[in-house]
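Below is one structure, written out as structure tokens, with a few remarks after it.
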Amino acid sequence: MIGFKSKQIKLILLLLLYFLVQVYPSWGKVYSSKSGRDFASFYYAQKVSWSGGNPYDARELSRRSKKDKTRNAVHPFFYPPPSLLIFSWVQPFSLHTAYMISFFINHMVVAGLFVLFRNWLQISLIPLALLFALCTPIGDCITMGQINLVILFLIVWGLKKQRGSFLAGAAMIKMSPALILWPQIIWRKWQFVGWTIAFAIIFSVIFLPFMGFEEQKSFYTDVLPQFSSGQYSGLKVPIHLSSNHSIPEFCAQWFPAEKGTRISVAAQKFSSFVTIGLLSCLSWLAWKTKSEIKILGAFVVLMVLVP
């Protein structure tokens, strides 16, 4: 009984630590920010798409934000068309209200992730709680109004339950989770692979009434290829931004771009070489190892570094 109470006290203290580190500081920033930070891209893409406009036209997003008097410019929207379905709930709300609602949604997602990791990885309760309490990127992600925690939840749920529909959902919100399908192919988990591909198509079909086939195709043929060029649909944030921890940024340091260009051709090619090399090494390890969780974790890390 004494040990049980001691464990309860530790959990209460860790919950308090989570509140002090993750909740309280980020809530102050979210509440005081009228611009919505990165969340504004999701918000205005959905608003523009709902009114029949092009969510991938950054100028159109900025025109809408100026009309609302929330911010002068909005960063381009980069995500696949079906991703707009997950933001349909923002319609009745102002940018600031929707941004604050996303704060609470994200913390509920964090709670779900805690339960998933606890059950799947069999990590001791106290160390896992301490990790969640002190992992400052959680608070940073929520403060910026990003979608990464939802993506991680869908990935973990899909892999834990072997539900391709959840991995497809993650990939149709943000393209990079599709990389995690590769080790499943190596392990010949054809049912999981098949369901993932099928649901990716289904989600695109479901979105056809909101965005036609040609408009959806333009994302894959026009918008997505811009990532490899570093142009980012007119995004003016430099590739050497301090929070950009990516393989292309690392290569751009070795091969600086000429004045007036965002990334050099040499950096692009070397970045591709490094990415293919890492992918090849992980593929070989996936073929040889019996520890699927470690390989999946490595692919998640690669998924973050590649874009």
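Take the residues in region 271-290 that are of a type in the set (Ser, Thr, Tyr) and open to solvent by 40 Å² or more (accessible area, probe 1.4 Å); name whichever of them is farthest from ARG188 (Cα to Cα). Working first, answer last.
Pass one, region 271-290, residues of a type in the set (Ser, Thr, Tyr): 271-272, 275, 280, 283, 289.
From what's left, open to solvent by 40 Å² or more (accessible area, probe 1.4 Å): 272, 280, 289.
Details: SER272: 26, SER280: 17, THR289: 14 Å.
Once the filter is applied, the top-ranked residue is SER272.
With respect to being of a type outside the set (Val, Ile, Thr), at pLDDT below 90 and within 22 Å of the chain's Cα centre (by Cα), PRO82 falls outside the description. Taking first residues from region 203-214 that are touching a residue at least 24 places away in the same chain (Cβ under 8 Å) and partners that are of a type in the set (S, T, N, Q) and surrounded by 12 or more Cβ atoms within 10 Å (Cβ to Cβ), the Cβ contacts under 8 Å between residues at least 6 apart in sequence or on separate chains come to SER204/GLN216; PHE207/GLN216; PHE210/SER49; MET211/SER49.
Specify the residue that is modelled with the lowest pLDDT; the eligible residues are those in region 207-233 that are loosely packed, with under 12 Cβ neighbours inside 10 Å and of a type outside the set (Asp, Glu). Talk me through it step by step, then tell me what you get.
So the first thing to find is which residues in region 207-233 are loosely packed, with under 12 Cβ neighbours inside 10 Å, and the list is 209, 213-214, 221-222, 225.
From what is left, the residues that are of a type outside the set (Asp, Glu) are 209, 213, 221, 225.
Numbers: PRO209: 85, PHE213: 83, THR221: 84, PRO225: 74.
Per the stated criteria, the residue is PRO225.
In this structure, CYS141 does not satisfy being open to solvent by less than 60 Å² (accessible area, probe 1.4 Å), within 18 Å of the chain's Cα centre (by Cα) and either more than 30 Å from ASN54 (Cβ to Cβ) or touching a residue at least 60 places away in the same chain (Cβ under 8 Å) (or both). Quick check: is even one residue across region 158-168 surrounded by 15 or more Cβ atoms within 10 Å (Cβ to Cβ) and more than 20 Å from ILE202 (Cβ to Cβ)? Yes, the conditions are met somewhere in region 158-168. Pairs linking a residue in region 183-202 that is touching a residue at least 24 places away in the same chain (Cβ under 8 Å) to a residue that is surrounded by 13 or more Cβ atoms within 10 Å (Cβ to Cβ) and among the hydroxyl-bearing types (Ser, Thr, Tyr), with Cβ atoms under 8 Å and 6 or more positions apart or on different chains, are PRO183/SER283; ILE186/SER283; TRP195/SER165; THR196/SER165; PHE199/SER165.
The values are calculated or read from the model by the stated rules, or taken from the named source; none is laboratory data. Predicted, not measured: the structure shown is a model, and the values here were computed from it. Neighbour counts run over all protein chains shown; Cβ positions are idealised from the backbone, glycine included. We work out accessible area using only protein heavy atoms, side chains counted, and drop any ligands, DNA or RNA first. Shrake-Rupley method; radii C 1.70, N 1.55, O 1.52, S 1.80 Å.
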